[in-house]
Each structure stands twice: as C-alpha cells, then as structure tokens.
Amino acid sequence: MSMTEIIDLRAALDAARSALRAARYDEAMDILRGCQDWPVDLAEHAVLVKADTLIRRDAPAALAWLAATQDLTITDAARFDRELLTGRAYSNVRNFDAAASRFARAAKLLEKVPTGSHKLAYQKARLAWMLREATPDNADLALALTDPDPIGRAVAYAARGYIAGTAGDFAAQIADLKTALEIAESTDVYDVEHVAAAIYGLATISFEVADQSGVNRARQAYDRLAWTADVRVHQYNAVRCLGWDAFMRGEPARAQWLFHDAAAIAPTPAWQAQAHLDRAYVARISKNDAWSLDELQEALKIAQGVAWGETIGEERLALVTLAVLLAPVNAPEAQRYAATYAMFGMENINPYLVASSDKRTVGFGKYTQGKIEQTLGNADLAQEALEAAYAIFAPIGHQYQAMLAAQALADVTKDAVWADKARMHSAAYPGSPLTTHMAESAKPSDPAIEGLTPFQRQLARAHWSGLNLDALSKQFSRSMYTIEGQIAEIYAAFNVATAGGLREEALRRGIA
Amino acid sequence: MIIGVGAIALLALITVGVLIFRVSALSSSMKTESSAADDANERRYTLLEAIPDGVYIIDADERLTHMNEEAERLLRSEPGAFVGRAIESILDPLASDLIPEIRLARQQREIISRVVYFRATGWWVEIRIKPGAKETVIYLRDVTVRKSAEAKLVESESRLRLLMDQVPAVLWSADRLGCFASLSGAGLPSLGIRESDLLGKSCASFLGAEDALTSLSTVFEGTPVEFESRRRDRWLRHQVEPLRGADGRVIGAVGVSLDITEIKDTQRRLEAMARRDALTGLPNRLALEELLSAAIMGGQQEREGTFSAVLFVDLDRFKTINDTLGHRAGDEVLRIAAERMRSSIGARDVIARQGGDEFIVVLTSTTSPDDVGAVAARILRRFAEPIMLDGHQLFVGASIGAALSPQHGTTAEELIKNADAAMYRVKAGGRGTFAFYEASMDEAAHDRLALEAELRVALQTDGLRLLFQPIIDVPTGRIMGAEALIRWSHRTRGELAPDQFIPLAEESGLIIDITKWVLRRACAFAATVRTTRPDFRVSVNFSARDLREANLVETVEAELAHAGLDPDGLEVEVTENVFLEDESIERLKDLRNLGVRIAVDDFGIAYNSLAYVKRLPITSLKIDKSFMHDVMADRFDQAIVKAIVTLGLTLGLHVIAEGVETEAQWYFMKELGCGQAQGFHFSRAIESTAIQAMFDVPPSFVSLSKSA
C-alpha cells in the first residue's frame, strides 16, 4: 500500500468518526466497508468506530462484529475501547452480567490506559442506572462528570439527569439536561445522537412538570441541532412534545405547525398518523371541527395501511388516540381500533423509562388501558386503570399526564371532583385552551344540544363548521338519506331551517 | 378595535349593503391606524371583491386587513369576522397554518405556492403567498373541479397504461411511405418483436405483404380498415385509421394490432362443437351436408365407376322406449345404436345423426348397389341383437332407406330426402328392413306431409267429429256415461279412426290442440246431460304427450269452468302402455285433487299394470278389450279378467269392461260383479244427440243402438 493510500485511509477514518458523531450512520458504514482489511494500525481503530456505529442501530450485530474482529485490536488503548464497547452493547441487550464482566476487564487495562478512567466510570454508572442501583451521588458518575472530553462530560450530566428523574427529582433532571446541552453546544465537536436524546428528554420532562424554562431551552437546542434521519425518532418525539407545550400555553397555531413538522418527519406511518391525530385534537379543542375531521380522515387513511402487529409499543399509541377521537363520531370504528391496540398488547412506552424500570411506565400503561376500556364501554375497568394512573402522576407533579387522567376520570365517573382536579392540573399551564374547554364543558349544557344523540351532536358541530350534506355523508360514512334525516332533526331541535340559520343560532347560544 | 369595526359594520350594513360595508369597515379600520386613507387602496380593495378567487391581506404585524367573500367562504367565516385579527388567532389550515410559509416568503421575498387537499370535504385549494413591502397577499383558489378532473385523467391514463401493459396489442403509427414511425404495447414481447427491429421498416413486414399494401392505400385515401393476418403461429387483427395533419390531410396511419390467436382457437373449437352431435359425438346435420357434398364432388372427381350412397336409418320402436323407460334410457339407446352403425361401415364412410332417432350413413365410394345393400344388411344384423339396459332386454330395430348418387339425386339435400322417402316406405311395409329409393316413394312422403297439413286445417275448420260410446251400468243396464272418441271425416279418404291420425298428431304436437278441442266439446256435452242425469260422466283420452304439458291442469280447469261442468263429471283416460314421468304423475294427482276421475285404459296388457295401480291416483280400471274377445273360450283370459275385477273391487275402483260385444260376455261380466261395460253389444260410438235420444229408451232396448 502506498503512502498516499495510507494517508487517504487516515482521512477516511477521520471522516467516519465525524459521520458517527453527526449521526450519519449510513455514511460512516459506507466509509468503513472492508475496514478489517486496512493496515493493522488503522484497522484496529476503524473496526471500533464501526462497532460504535453498529451499537446505535443493532446491538446484537455490534457484538457479532466485535467478536469477529477481536484479533485486530492489538494496542492496549484499542483493547480497552473494545472492552468498553462490548460492555455497552451487552448492557443494551440487557445482559448486565456480561456487561459488568467486560467493564471489569477494561478496569484491568486502566494502568496502561490511564485516560480511560472517565469513560469507564460513565459506562459503569450507566449500567448501575439500568440496574436501578444508581443514585445521583454515584462515585463513578462523579468521576465521569469531570471528564475533560466535553462529549463524555455532557453525556455524564445527561445520565445524572435521568438518574435524578428516576429518583423523582425532576428539577435536578432538568438542570442536568440543561447543563449537558450547554457543554455540548460549547464545542464544535459533539455527538448529535446524545444531544438529540438530551433535547427530547429535556422537552418531555419540562413539559410534564410544566417547567417553561426547560421547554424553552429544549426548543432553543432543537432549532440549533443539525437533525439527521438517524435521530428521527428523537426529533419526532421532541417536536411533538414542543407542540403539546405550545398548545397548553395557548399557542394552538404554533402547536399545529409543530405537529405539521412532526407529520413530515415521522419515522414511520404509525407516527405520521399520530401527528395528524394531534392536529385533529387541537383543531377540535380550537372549535374548528371541519379541520379536525380533515386531519382525522388523513390519519385514518394512513392508519389503514399500517401493519400494527409490526409496530413498537410507542407507535401503537396512535391506535389509542384514534379510538378516542373516533369514539364520538364512529363508535364501532373506535372500538375496532381499541380492540386492535388491546390485541397487540398494552406494553409501552418510553424505552428510557422501560430501561430504568421507572414507575411512570406503569402510569402510562394504566392511562392507556383506561382510555381503551373507556372506549370499549367498560366503565369500571376504565375507572380502576385511570385512578391507578392518576395516583402515579399526580404526586410527582406530572401535570399534563395527571390532567389527562383526571379528565378521563371525569368523563367516566361524571364526578365533578375529577373535573376540578383536571382543571387544577391544567392551570399549571398558563393560557391553556384545555382549561377554557373544560370550564365550558362544565357549564350547564345547551338544552337543544342536550336533546340530540351523540351522533347528531357531532353532525351538528360539523355542519355549522361548514360541512355541507355531501361532505357530511362522506365524512361520517352514512347515506345521504340518513344525513338528511338527522340534519332535519337537528334543525328542528334548534328551530332553524337552513345551515346558515343553524350556525347563527349556535353562535348566539355560544356553543359554536 | 374589533368592537369599533363591528359597530361601523352594523351601520354600514343597514345603509349601503354588504359590499360597501366591507370597504367602509376596512377603510375605517385603516383610518384608526393612519388618518390618511388612501383612495387608491380603496379602489384596489373594491377590485379584490370582484375577483372570483379568495384573497386576504395581512399587514407587517400579521394582522388581517382585508378578506374577500370567496376567502370567507373557504375559511367558513362570517362576513368581516376576521378583519383586524392576528392571523395566528385564526386557527385554520388556510390561515394560522400558513404562517411559517408567509414568514419564509417575506424573508426570501419570493412567491410561495402550493396546493392543499382537504380529505374530509374533498376540496382542493391552491394557495399563493405573495409578499410585498408592507403587506402580504394570500390568494386562495378553489381548484377542486380542476384537480378532480386531473385525478380522473390520471386514473384514466393509468387505466390506459394498464390496458397497454396487459392487453396483447401493438399500437403503431406509420408514415405516408408505409413505414413504421412508432410501436408500443404489451403485444410486442409476446409476438417476439423488438421495437427497434421494425422502426423505419415497411409495415408489410408486420402486417403481411399483400394486406399491408392494399389496406394502407385505402387508409391513405381516408378510409379506416380492419383486417386479419397471420404472423407465424399467431393471428392478428388490425384496425387502421388515417392519421391527419393540422390541415386535415392524411399524413400517415395509426393502427392497433391485437393478438387474436386465442379468440381464433376458441372460434375453431366452437365451430367444431356446432358441427357435432353432443349426444353421440357424431357429425350433425350441418356437418353432414358439407361432408356429403364433398363426398359427391369427390366421387365425381376420383375414379370412374364409383358413386356415393346415402342410407337413411330410422330406429324402430324408439318412441316406445322413450315413452316407457324415459329419455335417459332413450339417449343411451341412441348412443349404442350409433356405435353399432359405426362398427358396420368402412373407415372412409361417414355416419351422422340427422336428429331424433334418425341417422344418415354416407358411403363415399361404392361400386354397385349390392355394396350398399350389404352395408344395410350389416347394420340391420347388428340391430337384431338386443340392447341390455338397466336390466331390460330391448329390441330396437331399424328401417333403412337408400339413395344413390347420381341416379337418385345429385345434391346432398336431394339424396337425403330420397333416402328418407325410401325409409318411410320400409316403415309402412312392416319395418326392420331396407329399400332403395324409387320415384313412387316421393308420393308416400308427400302423402304424410299433406295429411298433417290437412289435419291442421281440419282442426281449425271443424273437420273433426266427436262421437261418444255409451258406458253402461252393468247391474241396471242404464247409461252411466260415455267415452269421447274422435273421428276425422276426410274429404277423400272418408272417415278416419283415431289410430290413423292420432300418432301423426302426437309426432307433430297437434295432439295438444286436438285434446283441447275434444275436452271443450266433451265437457259441454256432459254438462248438458247432467242437467237431467246428474251422475253422468264423460271420458276423454289423454296421450302421454298431453300429460307432459305443464299447464294441463289449468287447461282442464278452464274447460270445466267454461262448460260449467263439475270435475266429477269428467274422467281422464290414460293408456296403461305409456311411460309416465314423475311430472306427469304429479299432474294426474293434481287433476284428481281437482275432483276429476282418472281411469287406466287398456288395463292388463302391460308388464307393469300393478305398479300403475299403486302409483297413480286411479278411480277406474278399463279392462283391455283383447281379454274380452276370447273370454268365453280362454281360461287364461277368464282368470285375468276375474283377477282385474277382484282387484278393482278390493281397491274400491270402478271396473269397466271394454269391447263387450256379445250377450254372453255381458252376462259373464255381470256374474263377476263388474260394475260397468262398453262395447258394440250396447252401442258403437255415436253422435251426442243420439245418446240424448237413448236416455228416453228403456234399458232393455239399449243394445239396439249398435245398429244405429
């Protein structure tokens, strides 16, 4: 091999490292194709970069790769890195004993690789967190926080944040995630995937506990980051979270733009459907029923093409939202989606929470189960599950989730106490349209609306929002004869004779 | 500000109407921000109202300053409701949702346009964001109609593409020189053609040299053509039309060439099927005539001294088999007969089914009439062997007529007709044999046809007569009823008995009308008699053919009603010697349920007499007259008659002795306890008026009427 070729390979290795940090994994893999055949001094580093890339996508494949290229790592530094990467891959596949064993082997090499102590400490702290054995004052973590490498330091702060969150200290979690972002943004060399995860984590927890500054910081970092397809899941979840925060703070238009972005970047069709459902919900609460129905139709069209059996738990939450939004419009279809969700299992939700056996995992599961039971008409089971969810979220200050659970309980039990609780949690978000919505819902209902069937209520709202009979027929999948008959009854209830008259009357009564 | 605008709007609405209100409202709104209202702007806004597209304008602060009527319709807004509001507060896909793009357009100072689809309403709206120095104009155009048309066009194109991809056709165009200018379609690969092989080449290479030349010249004259050609093992159908330039002149041709090989194959199969008799697998009449014509022609051309002969073979007693054992058995007999004939002829000879139980054998090259006779004899020998079918041993004979070419005819039609005439002569002469055609035979065949035509006329012109043979109550000697018997007074042949024309009527289907004719008169007669003799009944004979008529029961019911006759006054006689299908038995049961009596005629001579008694809803048994003839001398006949009478009495049936001609027979029957009798001893068949007269005569004189 000529010197020029060797120089080219060195440049290629650097390029692969950059691509790895920038979360352009296909590019890194392309560069490293055949790297096991490179000159030995380059190959021992190249195979490890490739292993790092693989771990982020497919941990078992990474373990296979590491085993196959074992002979290529010759220097102590490379062997040390191999042990760390192997341990990390094992912890990702939840083989904690094997992971601990690899970290012990790395520890023995520390004498020859003294600069590796911070990295090893981070991996050990991460493993302890996954084993639910870590506390924020974990010694390994303390060492990792002093890593002179900003990438290592940032990731250590993020880890401490997650550990604090698992322990219920959400303020500390927000503070640490903010610090992680500060460190990452202070340098040109940062790991996009780590930052993306931190943004998502910060946005989520800040929104849940109604910490405006945390959400703002996440939004700021979101706008700055060069997102790639390889971190699409983090981006999608972060932008949805920012959307919900905008909505809860009285910015429905902004929420809709963010959900629009979420639909555009959704990593899977199920998630794309979910983003349209988000828009449908916001439009409905904002009293633009026509828009809401439109987004619901879009979501349905996408959902019909999804192989739900092949989706992961988080994606399947779209089924729950579909069921909830469809329930007043098309009860049988809603029950079909609820049953589909129940059929594929209700395990979810957030892989980070699952990884750390966080009790909020149970909370999300219970809430979802409650909504499904509610849709299926099992009021007792729904109440039981929703109360369990509320009991988890309310004490830890997860305002949004507690509000949702309380609101659902108010619907199921018709008990004003739950409506009050829902309004209380909603009030944590100043300007929330939901607070207004719930207040309006609590008002004595209009007698004309009260006299209509649930289906007629939906029809009436859609009709005074501007949908003509033809559009209603399409929208509600009913014949024109049925629609005409139902609309005639609605006109009679409001004592009007035209669509315009109905709209005027609804506006006059303050229900449109 | 919104309240201020609202107040002014109300005033404006009252005074000058909606349009002026819009301008005033806008104008007033602007005045609150800037005291120098711009007349030019006002004119501009007024103009916007006239635009059919939706238009709204936002200022630098993203507040809506104007919205025309169409925009309000698209945003489902009340008039003026959005003016003055921040666009972000107008939560709608056509307002708040456009803000990111509006900002981008402003920032980049570029027009942004896109089309958005609303799935729930099916609307398509084209959005155009045009940034200005201070204001941004948003145009909204409802393009639902256009987009729907486009969607239909896309659908139509995709259908066409699908058609192109799936249908084995080649679409092509040619220039005025007759060379291919383009070729496409799914037919190309299946025909083993590459586009590049034919482009620029003469169409003759694909369309077939002669066809292409003549067809294309016709097309270039302006007339579309359609023709078929063969390309290797494939058949193609070409439809070619002139291709015209802008000035209307023919500048070339466009064509669709469809691979119709499969269609052709199917056609061939269907044609073959149309020429074959489905039951026997033999050529049918259509094929026969062609084969025969070819044989006649071939005979003329081949060698001197040979000729063709036609044998017309008609099965004897086939109708009886069909009537007694059913159609399925009849079909099987036909198959066996065909096979026997096939094995009796040479390899070059042809056998075809003419129809029914008639077959034609064509001997293609015989040298003498003796050869023909030998073949006929072979066939007859084969028919002498019994046919075993479902445990029955059946004897099916054949009658054969032969015609020779050219002396008995030079055309297929003539030969068949003459062989048929010869066959009829055989039938008339006792069946089971063979005869050559003779000129005199034509007359017999003509006779038969003429008779059928005359019968038809007789039926319509009352050329038929209905007589009645009295049925006597044996114990009292009184007339109980009468059997209706038809006669045909033929203008040249004299009076014809039923057996001389009823078989002909059954063959031709005329029997249905004849039965109806009889029924009407018989019922009328019985109704008249019953006014004075309420127990009188009339008997009418029904053939097996009558019983197959689906509406028989309705017909009887109608005739009874027409005559005003109680059903009890009618007795239907069914000959025992016919096979009755299930449907016919059901019809008899229906008739019985109606109240009509059912009698079995000629009882005792068929092998399944007792089965009849069990299966049919019988009210009477009529002992066949053959038993009566020798009853006084033959102990067997006596035993049979006794048995029938006993059977009838046991089952509670009326027993009627037919053919009672002597006093001895009369007393014999009386001794046996037979209830009723008819025959020449009492009276032959007589006119209805004569019967009426007999009622006034004492019973002891009844027998005198036999000489009446």
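Can you work out the Karplus-derived ³J(HN,Hα) for every residue in segment B:288-296? Use 6.51 cos²θ - 1.76 cosθ + 1.60 with θ = phi - 60°, whole Hz, and x for glycine or proline.
4, 4, 5, 4, 5, 4, 5, 5, 4
Give me the dipole magnitude in Debye, nearest 20, for segment B:246-361 about the Cα centre, with unit charges on the beta carbon: positive for Lys and Arg, negative for Asp and Glu.
On the way: 16 positive and 19 negative charges, 28 e Å.
Roughly 140 debye, rounded to the nearest 20.
With 17 Å as the cut-off, how large is the P(r) tail for segment B:317-388, expressed as percent of Cα-Cα pairs?
So the pairs more than 17 Å apart make up 47 percent of the total in segment B:317-388.
In whole Hz and in residue order, list the ³J(HN,Hα) couplings for segment A:263-273 that follow from phi through the Karplus curve 6.51 cos²θ - 1.76 cosθ + 1.60, θ = phi - 60°; x for Gly and Pro.
Coupling constants for segment A:263-273: 5, 5, 9, 3, x, 9, x, 4, 5, 5, 4 Hz.
With 21 Å as the limit, write out which pairs from B:516/B:589; A:359/A:414; B:625/B:670 have Cα-Cα distances beyond it, or answer none.
A:359/A:414
Per residue of B:65-76, count partner chain C-beta atoms within 10 Å of its C-beta, then hand back the mean as an integer.
1
As a test, work out the antiparallel percent of DSSP beta bridges whose residues both lie in the protein assembly as shown, rounded to the nearest 5.
Numbers: 89 of 114 bridges.
The antiparallel proportion sits near 80 percent.
Could you list A:424, B:67, B:273 so that the one with the fewest beta carbons within 10 Å of its beta carbon is first and the one with the most is last?
B:273, A:424, B:67
Hey, fewest Cβ within 10 Å first, where do A:101, B:368 land in order?
The most exposed by this proxy come first: B:368, A:101.
Determine the relative contact order of segment B:103-232: mean sequence separation of Cα pairs under 8 Å and six or more apart, normalised by residue count, in whole percent.
12 percent
If you find the alpha carbon centre of segment B:50-103 and of segment A:397-436, how far apart are they in angstrom?
33 Å
For peptide B:116-128, how many partner chain Cβ atoms fall within 10 Å of a residue's Cβ, on average? Before the final figure, lay out each step's value.
Values: counts 1, 2, 8, 12, 17, 13, 5, 3, 0, 0, 0, 0, 0.
Neighbouring Cβ atoms belonging to other protein chains average 5 per residue here.
Roughly how far apart, in whole Å, are the Cα centres of segment B:165-196 and segment B:135-156?
Segment B:165-196 and segment B:135-156 have Cα centres separated by 36 Å.
Which is farthest toward the positive dipole end of the protein assembly as shown among A:39, B:620, B:662, measuring Cα position about the Cα centre, with Cβ charges +1 (Lys, Arg) and -1 (Asp, Glu)?
A:39
Please list, ordered by chain and number, the residues whose modelled amide H lies under 5 Å from the amide H of residue B:496; skip anything fewer than 5 residues away on the same chain.
B:488, B:489, B:490
Would you please classify the overall shape of chain B from the alpha carbon gyration tensor, given that a ≥ b ≥ c denote the square roots of the eigenvalues, rounded means a/c under 1.5, and beyond that prolate means a/b larger than b/c while oblate covers the rest? Mind dumping the intermediate values first?
Numbers: a/c = 4.40, a/b = 1.98, b/c = 2.22.
Since a/c reaches 1.5 but b/c is at least a/b, the shape of chain B is classed as oblate.
Using just the helices of the protein assembly as shown, give the 222 nm mean residue ellipticity in deg cm²/dmol: DSSP H runs with n ≥ 4 each add -39,500 (n - 2.57), and the total is spread over all residues, rounded to 500.
So the helix-based figure for the protein assembly as shown works out to -18000 deg cm²/dmol.
Give me the lysines in straight-line cross-link reach of residue A:119: C-alpha distance below 20 Å, same-chain residues under 8 apart excluded.
Cross-link targets: A:50, A:108.
Taking the Cβ of each residue in B:152, A:50, B:625 as the centre, tally the other Cβ atoms inside 10 Å and list the residues starting with the fewest.
Fewest-to-most ranking of B:152, A:50, B:625: B:152, B:625, A:50.
Determine which residues of segment B:391-433 fall in the zone a paramagnetic label at residue B:449 would reach in this model, i.e. backbone nitrogen under 17 Å from the point 7 Å along Cα→Cβ.
It comes to B:409-425, nothing else.
In percent, how large is the relative contact order of segment A:148-201, given Cα pairs closer than 8 Å and 6 or more residues apart?
Once divided by the residue count of segment A:148-201, the mean separation gives 39 percent.
So for chain A, Kirkwood radius off the Cα pairs, Stokes-Einstein at 4 °C and 1.567 mPa s: how many µm² s⁻¹?
Once the numbers are plugged in, D ends up at 51 µm²/s.
Which lysines, on any chain, are close to residue B:417 with Cα under 18 Å apart, when same-chain ones fewer than 8 places away are left out?
B:427
Residues of A:296-307, mean number of Cβ from any other protein chain within 10 Å of their own Cβ, rounded to a whole number? Present the calculation step by step, with values, prior to reporting the outcome.
Working: counts 2, 5, 4, 1, 1, 1, 0, 0, 0, 0, 0, 0.
The mean count of partner-chain Cβ atoms within 10 Å per residue comes to 1.
Can you pull the one-decimal nm distance between simple spin-label points at residue B:166 and residue B:582, each 7 Å off the Cα toward Cβ?
4.4 nm
Expressed as a whole number of Å, what is the distance separating the alpha-carbon centroids of segment B:537-596 and segment B:321-382?
The distance from the Cα centre of segment B:321-382 to that of segment B:537-596 comes to 38 Å.
Where the only charges are on Cβ atoms (+1 Lys, Arg; -1 Asp, Glu), what is the dipole of the protein assembly as shown about its Cα centre, to the nearest 20 debye?
1780 debye
From the phi of every residue in segment A:279-289, what ³J(HN,Hα) in whole Hz does the Karplus formula 6.51 cos²θ - 1.76 cosθ + 1.60 yield, where θ is phi - 60° and glycine or proline is x?
Those phi angles translate into 5, 4, 5, 4, 4, 5, 5, 7, 6, 9, 5 Hz.
Please tell me the relative contact order of chain A in percent, rounded to the nearest whole number, where contacts are Cα pairs under 8 Å and at least six residues apart.
Relative contact order of chain A: 8 percent.
Each value in this text was obtained by applying a stated rule to the coordinates, not by laboratory testing. These numbers come from a predicted model, not from an experiment. Note that each Cβ is placed from the backbone with ideal geometry, even for glycine, and that neighbours are counted across all protein chains shown.
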